[in-house]
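Notes to accompany the following structure.
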Amino acid sequence: MDRQRNTQLEAVMAKYGFTHQSLANEINRITAQIFGETHPRKCTDRHVRRWISGEVQWPWTRYLHALEQLFHRPAQALGFIPRGKHSANLPAPPRSPAPTKEAPVRRRRFITAPAAAAVALALNIDETPVSGRLSMTDVARARERIDRLDAHFSAIGGQPLLTVATAYLDRLSTAADHCTYGPRVEQVLHTAIASLCSSAGWAADDAGDLEAAHLWRTTALQRAILGANHRAQARAWSDLAVHARRGGHHREALRISQTALNSREARQDPRYAALLQSRLAIGHARAGDHPAAARALLAAQTAHDRINPSEPAPRWLNFLTAAEISGLEKPVGYAYGAPLPPGARWWGGLLTRVPADTLTETGTRTYALSELMVRTPWRKTGSARRLHNELLAARPEQRATLLVLQDHPKVRALYESCRHWATCARAS
């Protein structure tokens, strides 16, 4: 049989954060539960590589049982190909023996949700040292685990992973209290803990425990300050602003966002500036200051436009897209029009003589601006000019025309200040 790479298994492993070795370890744990601890055959990372490469297309039955139990899907849905029509029907596994007494606690049983359990095992959080000398490599590995955990929050939601995050926070806090390390490692460790606290805050939020969410978010800010990391501080401030707003404390949320933007570093980083200005816009809107909300939202859009697309965003910040920011806007107003067709009646009823060729229409010569309206809360914020410019900038016609009532001189003056409008005639 031709060798074919098992991309389905590879995709599932990537989704749950498994490496070749961590998947092998988990399979051995499950097979020990099913078949007993004394079975001589152990799965290794080499087995997993052979499955993915397609060299082995139908693993041993014991491993297939473990994979099906781990990922809650049949072997064929994991990309494995049976050897014959009968091999696809796996024999029933033996009844699991009574659980053996575990060694002193080295791995916690986090929660029963299959996906979360798989994530916890895949992250290998017990490998983070809690005594001895803590190196920059140890902290970098912790940072990598936290990034992977953030990816799982996005994939399956925060609630089932709250216990995982809390357990890892316990371990990292123990490391911070009992390990020895230098000043640079200390700063990076505090920043990593701040990031994990922020994730735990959202997980608690998903679980409906707002008190725990506030505790984790406050701790995130404290750790970010200890780590002297402006990005972690901006994230924590942003989360606290959301928390205050959800509690109905809109002025507090506004003040938090303003405080966060006092950081020069936060203002200069376009991603974090866009995030904080978005929070500020929401705060102003909830407080009833619509012009200020419009200015903050424009600042958020401007900051987002400055982002270098070649620089990847932190995983937790992937939600902040141009569409996300634009979605915060409520209708400010509208502007519309249409091209004048040949023989258009637009020019009928003129009281002023104009050259005949001025009135000739081809269907592509003139765009007639029919109406422009801005809602009361957004007036005197520059919104009318923006609507006007956005509408006309994309038009392919050679010229544009509009009608203004003579008894509205301020409106006429406004148009004459935009795009070189000029009065060409009077109509009845």
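Odds and ends about this structure:
- The set of residues in segment 269-305 that are of a type in the set (D, E, K, R) and part of a helix (DSSP H, G or I) comprises Arg271, Arg279, Arg286, Arg295, Asp305.
- Members of segment 226-252 that are under 17 Å from Arg143 (Cβ atoms) and either in a loop (DSSP other than H, G, I, E, B) or not assigned by TED's automatic domain parsing to the domain that holds Ala192 (or both): Gly227, Ala228, Asn229
- Remark: pairs (first residue in segment 211-232, at positive phi; second residue of a type in the set (Val, Ile, Thr) and part of a helix (DSSP H, G or I); Cβ separation under 9 Å; 6+ apart in sequence or on different chains) = Ala228/Thr191.
- Residues of segment 290-315 that turn out to be more than 19 Å from Arg386 (Cα to Cα) and either aromatic (Phe, Trp, Tyr) or surrounded by fewer than 16 Cβ atoms within 10 Å (Cβ to Cβ) (or both), as a count: 8
- Single condition Ala384 does not satisfy, out of (1) assigned to a helix (DSSP H, G or I); (2) more than 21 Å from Ala338 (Cα to Cα); (3) touching a strand residue (DSSP E or B) at 6+ places or on another chain (Cβ under 9 Å): (2)
- Filtered by the rule that a residue be among the charged types (D, E, K, R) and over 20 Å from Gln222 (Cα atoms), segment 238-266 gives Arg245, Arg246, Arg251.
- Residues (touching a Gly at 6+ places or on another chain (Cβ under 8 Å) and among the aliphatic types (A, V, I, L, M)) located in segment 359-401: Ala368, Leu369, Leu372, Met373, Val374, Ala384, Leu387, Leu391, Ala400
- Residues of segment 197-225 that are hydrophobic (A, V, I, L, M, F, W, C), surrounded by fewer than 20 Cβ atoms within 10 Å (Cβ to Cβ) and in a helix (DSSP H, G or I): Leu210, Ala212, Leu215, Ile225.
- Looking only at residues of segment 316-332 that are at pLDDT below 80 and buried (at least 17 other Cβ atoms within 10 Å of the Cβ), we find that the one that is nearest to the chain's Cα centre (by Cα) is Trp316.
The values are calculated or read from the model by the stated rules, or taken from the named source; none is laboratory data. Computed from a predicted structure; not experimentally measured. We place every Cβ from the backbone using ideal geometry, glycine too, and count neighbours over all the protein chains shown.
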